[in-house]
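Data block below; observations after.
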């Protein structure tokens, strides 16, 4: 008893459809291989499944490109002419855009203006003015941002300075105070941490505390005076 005929229509179940594709693809590949061996024929098969998977078969001693080129020679037509023409049109369009942009750049720099009419010059002037305003707005925005950043840095520096004063107890003990450090004024002073740079800070010592004179500390760039 033979098998019943299968109605040729799309298989709705995705799993059954994929299984059928796999089985029949294997069968077609087998038949193409047999045809190549038995009949010394050149066979090429290209298949894409519904999921986009690519499968091919080509007779030994040749390849898909050679088979496609031979096919084009037989039918007297090129499969790539339309694609090539589209690429040529796209290239020409891009060249035109590039040429127009270069011309606009030169005109914004004050070049190639001889061929422009009054309304074209007026439009160019308005475009340049608008661009200048935008550049100025951006410049002042950058300046404002940098100024705010510097202000924050100065504020943090002042806070660090006050914290350092608090840690050293300078705000509590009246025996110490910051004094100007004129170059060469070493009377009653001792360098702290070594070095005699003229930009060092100094502390003034109240005369009632002679035991603090010439006392050295480990702090850098400070001296008692």
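Does any residue of the range 83-102 turn out to be more than 32 Å from the chain's Cα centre (by Cα), more than 30 Å from residue 43 (Cβ to Cβ) and either modelled with pLDDT under 85 or assigned to a helix (DSSP H, G or I) (or both)? The answer is yes; a qualifying residue exists.
In this structure, does residue 93 turn out to be surrounded by 10 or more Cβ atoms within 10 Å (Cβ to Cβ) and not assigned by TED's automatic domain parsing to the domain that holds residue 43? The answer is yes for residue 93.
Residues that are surrounded by 10 or more Cβ atoms within 10 Å (Cβ to Cβ), modelled with pLDDT of 90 or more and part of a helix (DSSP H, G or I) are absent from the range 113-120 altogether.
Results for (1) without any contact (Cβ under 8 Å) to a residue 12 or more places away in the chain; (2) part of a helix (DSSP H, G or I), shown as yes or no for each residue.
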residue	(1), (2)
8	yes, no
20	yes, yes
33	no, yes
37	yes, yes
51	no, no
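Looking at 142, 128, 135, which is the one that is surrounded by 11 or more Cβ atoms within 10 Å (Cβ to Cβ) and either over 30 Å from residue 45 (Cβ atoms) or in the same structural domain as residue 45 (by TED's automatic domain parsing) (or both)? Of the residues listed, the single one that is surrounded by 11 or more Cβ atoms within 10 Å (Cβ to Cβ) and either over 30 Å from residue 45 (Cβ atoms) or in the same structural domain as residue 45 (by TED's automatic domain parsing) (or both) is 128.
The values are calculated or read from the model by the stated rules, or taken from the named source; none is laboratory data. Everything numeric in this text was worked out from a predicted model, so none of it was measured. Because the Cβ atoms are built from the backbone with ideal geometry, glycine has one as well, and the counts that use them run over all protein chains shown.
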